[in-house]
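Each value in this text was obtained by applying a stated rule to the coordinates, not by laboratory testing. Every value quoted in this text rests on a predicted model; they were computed, and no experiment measured them. Cβ: placed from backbone, ideal geometry, glycine included. Neighbour counts: every protein chain shown.
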Amino acid sequence: MTRALVLGGGGPVGIAWESGLIAGLAQGGVDLGQADFTLGTSAGSFVGARLALGADAATLADPIIADKIPGDERRPAQGGGPPPDLSKLMQLMGEAQGGLRNPAEVRAEIGAYALAAQTIGEDAFIESFGRSFSTLPVDAWPERGFACTAVDAQTGGFQLWTGDSGVGVVRAVASSCSVPGVYPPVTLKGRRYIDGGMRSSTNADMASGHEMVVVIALRTGAAGGALAERIAARFNEEIESLKDGGGTVVTVTPDPASLEAFGLNLMDFRRRPDAARAGLAQGLAYAADMKAYWS
């Protein structure tokens, strides 16, 4: 049986919760790090790359819980001044998910917004972001199956980075995590790329063809509102596409304690230790049920 792990986006808080969840499952006897294929979007690309590169699933959250962050990690600088106004981004994301306009055209507008935003420089972002992978060669890619998602900032085209793409995992993951308006678009092969979450928070349909798929998603649209409804519809379509391809799909979303730990802002680094602890507890509680699928 081939097994795939899909890790969705969710900012620094998402990295913490996913790391805790995976650690809790591993401590309970379910090692998602043994997936044949791992697909990451945004925060999930960072967590997925660590797993695919051989990090111990059971201890994945330890540095975050201890608040000794080795990687992306302490806080990639965003420069001085007030937090960016992301209302334009939220509007465009809603349009991209709404189906009334060509999604690629809307994503190109998001890309233009990202290219025009005042953020730290790309080199500074890569330097701060890549500390967790600092010992890797620039062209390194995990030997275990791994892919992460991004969007071309100029065309709005979707990009799936794989081992055959001819890029290094550090810059590929950085591009997947480049939240428009917060971080700079990342250059790969002469083009600029932004967060893969601009297409979908999980891009789970890219994991089709596997017999077992575990999808870990922070937000599936359950909170309500127009944008949430569009996200929910997209998520459900992706899950159905996996099932139509013959796969058994297990979805894991935050439990009430985890949602409380997140707070309202998934970019709030101060929430990371609590989010990781909540994920750890949820993973431990879910492990017995997950064993029936992940064997």
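Where in the chain are the DSSP H helices whose alpha-carbon span along the long axis reaches 15 Å or more and whose Kyte-Doolittle mean is at least -1.0? Span-like helices, by this rule, are 11-27, 87-98, 103-116, 226-244, 272-291. Dipole check for the chain: with +1 at the C-beta of Lys and Arg, -1 at the C-beta of Asp and Glu, and the Cα centre as origin, the magnitude is about 380 Debye.
Distances between placed amide hydrogens fall under 5 Å for T248 paired with M212, V213, all partners being 5 or more residues away or on another chain. Look at (i) 19.3, 60; (ii) 17.6, 57; (iii) 17.4, 51: the one that is Rg and Dmax of the Cα atoms in Å derived from this structure is (iii).
Cα centroids of segment 225-287 and segment 140-195: 22 Å apart. Summarising the overall dimensions of segment 172-238 from its C-alpha atoms, the Rg and Dmax are 13.9, 39 angstrom. Dipole check for segment 199-295: with +1 at the C-beta of Lys and Arg, -1 at the C-beta of Asp and Glu, and the Cα centre as origin, the magnitude is about 380 Debye. With each label modelled as a point 7 angstrom along the Cα→C-beta vector, the T162-S241 pair spans 1.5 nm. Our summary gives the chain a relative contact order of 30 percent, counting only alpha carbon pairs under 8 angstrom and 6 or more residues apart. Stretched out straight at 0.36 nm per residue, the stretch from T248 to S208 would grow longer than its current Cα-Cα span by 13.4 nm. Look at the dipole of the chain built from charges on Cβ: of A287, L218, I110, the Cα furthest out on the positive end belongs to I110. K88 sits among other residues whose Cβ lies under 14 Å from its own Cβ, and their net charge, with Lys and Arg +1 and Asp and Glu -1, is -2. With both labels modelled 7 Å from their Cα along Cα-to-Cβ, the Q91 to A116 distance reads 1.1 nm. For the listed peptides 275-281, 178-184, a ranking on the average number of other beta carbons within 10 Å per residue, highest first, reads 275-281, 178-184. Note on A233 and D67: their simple-model spin labels are 4.3 nm apart, each label 7 Å out from Cα toward Cβ.
Mind running the shape call on segment 169-295? Use the C-alpha gyration tensor, a ≥ b ≥ c as the square roots of the eigenvalues: rounded below 1.5 for a/c, prolate if a/b tops b/c, oblate otherwise. In terms of gyration-tensor shape, oblate. Extension gain for R101-A124 works out to 4.8 nm (0.36 nm per residue, less the C-alpha to C-alpha distance).
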